[in-house]
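The values are calculated or read from the model by the stated rules, or taken from the named source; none is laboratory data. Quick caveat: nothing in here was measured; it's all calculated off a predicted structure. Cβ placement follows ideal geometry from the backbone for every residue including glycine, while neighbour counts extend to all protein chains displayed.
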Amino acid sequence: MYNDNPTINNLSNKEIDETRQGEALVLPDGAQANGKKFYIESYGCAMNFSDSEIVASILAKEGYSSSTQYKDADLILINTCSIREKAEKNVRQRLRVFDKSKDKKPGVLVGVLGCMAERLKKKFLEEEKLVDMVVGPDAYRDLPKLIKEADDGGKGVNVFLSREETYADISPVRLGSNGVNAFVSITRGCDNMCSFCVVPFTRGRERSRDPFSIIAEAQDLVNKGYREVTLLGQNVDSYKWSNPETGERVTFAKLLEMTAEVDPRLRVRFSTSHPKDLNNDVLYAIKKYHNICNYIHLPVQSGNSRILKLMNRTYDREWYLERIDKIYEVIPDCTISSDIIAGFCSETEEEHQDTLSIIEYSKYIMSYMFKYSERPGTVAAKKYADDIPEEVKARRLAEIVDLQQEMSHRSNLKDLGKTYEVLIEGDSKKSKDDFKGRNTHNKMLIFPKQEGLKPGDYVYVKVNEVNSATLIGEIVKVHESFNA
Ligand code: SAH
Ligand code: SF4
Ligand code: F3S
């Protein structure tokens, strides 16, 4: 879910352009069309994509319609990521493209949103002449005012980080949507201080969204035909909310159950879990509800306790292994994925071997794998030397990637001959004759279409063939009662 390139669910840039149409932007009640169009491009994690949908909703209220082509737009927005140096480079390159483009509309405004806006603040305006607005992740309600300021020839800047803002009352406009899967933000910000990570600086303090607005959004999605929600936060397990009147508390496990109760046809996923906070109540909730998917994204970062301490992850190797054991004990068929950083400050060969062995032990079905990239202002940048040579980082990363690929393949081989309940998400990338859809384990299946079925329907698919990325199969049964 994290990518330095602009992607939605692993779609390439081109594919996003093709699918970005999504839900037609219907102007909300009371909004007057202003004849203007906005174009938005998103980088980074799912939170950023989810935020772009909030931004779209705010602009729709102002009368804007959306465009899939920046050349048609009166307002170009780029929602940015700061997580690694490469992510920032990509954004700057993209700004160059907008800058040089002769086809863009005269008088077009360009706004930078998101984490890079927050990190660089006003400096952005000095560094990138093209930019008219710099808007941090908690300031999107201010966009109409900032646009006005920029329209009047000024520069609009708001990078205020809030302790309360959750955009709970804003109903997101689903961009680039397939009408089946949707992201729902449940927390914003992060209170952990992993020493390598820029997120606490770009997103501010952690806050949890009112559970009733989350449930209402999930219900609304079901009514519109959606069949899967992914509850989003940097650390979903630390979700906490208490009713100001009754004092009643809602934990993440409780919120999962409440979401699962919305409708048995609605699949519930969540991301990201932090190993220190993933508690047994969450595991029991997954076990109890068929529609809470048996899949956990549990980033380890490193398999070595000394490195984990330097990273300030607040757990060690033993703690992580205990969590893995517990997951497989409570939910034997659960699948697990991870995030891994290669070549963190002072990492030795032996410590790198510990990362390889934890990948094998944990049997990850998939990992997001990165070379350590020093970020200005973080504890690691201030305290530790970024002393692993680039070629060593690259070699360690390649070893991690190779092992992960082997683990993915091994896991997929075990699926041969098995039949899974699959939610149809759309056409397969390769052929319009095939559907694609995922099983509870978050594995993608490809299978020939059958008359009368559409995205959002549930089918049972038998796996006949596998590679390290996908399972290939055929429909053996249709879930009649779910597909009404
Ligand atoms: N909140 C999530 C992760 C958010 S960032 C969690 O705690 O797991 C997504 C991933 O980017 C991280 O898990 C980490 O693997 C990677 N990452 C973050 N900062 C990085 C850096 N400075 N260099 C390389 N990778 C980094
Ligand atoms: Fe960054 Fe750590 Fe927070 Fe994740 S938990 S966003 S890695 S500080
Ligand atoms: Fe990037 Fe910000 Fe997400 S730094 S990973 S877009 S929270």
Hey, Tyr239 among the hydroxyl-bearing types (Ser, Thr, Tyr) and touching a residue at least 60 places away in the same chain (Cβ under 8 Å) or not = no
Consider Ile78 carefully, then state whether it is of a type in the set (Val, Ile, Thr), modelled with pLDDT of 90 or more, within 30 Å of Gly437 (Cβ to Cβ) and within 16 Å of ligand 3 (Cβ to nearest atom).
-> no
Residue within region 408-420 that is away from ligand 1 (no atom under 16 Å from the Cβ), among the β-branched types (Val, Ile, Thr) and assigned to a loop (DSSP other than H, G, I, E, B) present | no
Note: among Ala150, Ala182, Ala139, Ala168, just one is farther than 30 Å from Asp220 by Cα and of a type in the set (A, V, I, L, M), namely Ala150
Looking only at region 335-350, decide whether some residue is modelled with pLDDT of 95 or more, closer than 29 Å to Met444 by Cα, away from ligand 1 (no atom under 13 Å from the Cβ) and assigned to a helix (DSSP H, G or I).
-> no
Which of the residues that make up region 395-419 are small (Gly, Ala, Ser) and surrounded by 14 or more Cβ atoms within 10 Å (Cβ to Cβ)?
-> Ser408, Ser411
Filter region 186-222 for residues that are within 16 Å of Met258 (Cβ to Cβ) and within 16 Å of ligand 2 (Cβ to nearest atom); which is surrounded by the fewest Cβ atoms within 10 Å (Cβ to Cβ)?
-> Ser208
Just one of Val198, Val229 is within 17 Å of Ser52 (Cα to Cα), within 17 Å of the chain's Cα centre (by Cα) and either away from ligand 1 (no atom under 14 Å from the Cβ) or touching a residue at least 40 places away in the same chain (Cβ under 8 Å) (or both); which is it?
-> Val229
For region 141-182, how many residues are aromatic (Phe, Trp, Tyr) and within 25 Å of Phe212 (Cβ to Cβ)?
-> 1
Within region 223-243, the residues that are among the small types (Gly, Ala, Ser) and either under 15 Å from Arg188 (Cβ atoms) or crowded, with 16+ Cβ neighbours inside 10 Å (or both) are Gly233, Ser238
Filtering region 57-68 down to residues that are crowded, with 24+ Cβ neighbours inside 10 Å and either touching a Cys at 6+ places or on another chain (Cβ under 7 Å) or within 29 Å of Ser208 (Cβ to Cβ) (or both) yields Leu59
Taking the residues in region 240-291 that are over 30 Å from Arg313 (Cα atoms) and of a type in the set (Val, Ile, Thr) as candidates, determine which candidate is farthest from ligand 2 (Cβ to nearest atom).
-> Thr246
Considering region 153-207, residues that are among the aliphatic types (A, V, I, L, M) and away from ligand 3 (no atom under 15 Å from the Cβ), and then whichever is nearest to Asn483 (Cα to Cα), we arrive at Val180
Glu127 versus (1) closer than 20 Å to Leu161 by Cβ; (2) more than 16 Å from ligand 3 (Cβ to nearest atom); (3) of a type outside the set (Gly, Ala, Ser); (4) at pLDDT below 95: which is the lone unmet condition?
-> (1)
Being assigned by TED's automatic domain parsing to the domain that holds Phe201, farther than 21 Å from Tyr364 by Cβ, surrounded by 17 or more Cβ atoms within 10 Å (Cβ to Cβ) and out of contact with any Gly (no Cβ under 6 Å at 6 or more places or on another chain) narrows it down to one of Leu256, Leu283, so name that one.
-> Leu256
Out of Val422, Val466, Val379, which single residue is surrounded by 15 or more Cβ atoms within 10 Å (Cβ to Cβ) and over 25 Å from the mean Cα position of the chain (by Cα)?
-> Val466
Search result, residues across region 33-68 that are under 24 Å from Pro376 (Cβ atoms), among the small types (Gly, Ala, Ser) and part of a loop (DSSP other than H, G, I, E, B) = Gly44
Selection count where residues are closer than 25 Å to Ile296 by Cβ and assigned to a strand (DSSP E or B), scope region 440-471 | 10
How many of the residues in region 340-375 are under 19 Å from the mean Cα position of the chain (by Cα) and over 19 Å from Arg410 (Cα atoms)?
-> 3
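Residues checked against (1) of a type in the set (Val, Ile, Thr); (2) within 21 Å of Gly233 (Cβ to Cβ):
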residue: Val262; (1), (2): yes, yes
residue: Ser273; (1), (2): no, yes
residue: Gln301; (1), (2): no, yes
residue: Ile307; (1), (2): yes, no
residue: Leu310; (1), (2): no, no
residue: Thr335; (1), (2): yes, yes
residue: Ser338; (1), (2): no, yes
residue: Phe344; (1), (2): no, no
residue: Asp354; (1), (2): no, no
Of the residues Ser52, Ser82, which single one is among the polar types (S, T, N, Q), surrounded by 21 or more Cβ atoms within 10 Å (Cβ to Cβ) and farther than 21 Å from Ser177 by Cβ?
-> Ser82
Evaluate region 294-306: report whether one residue or more is more than 16 Å from ligand 2 (Cβ to nearest atom), over 20 Å from Phe196 (Cα atoms) and among the charged types (D, E, K, R).
-> no
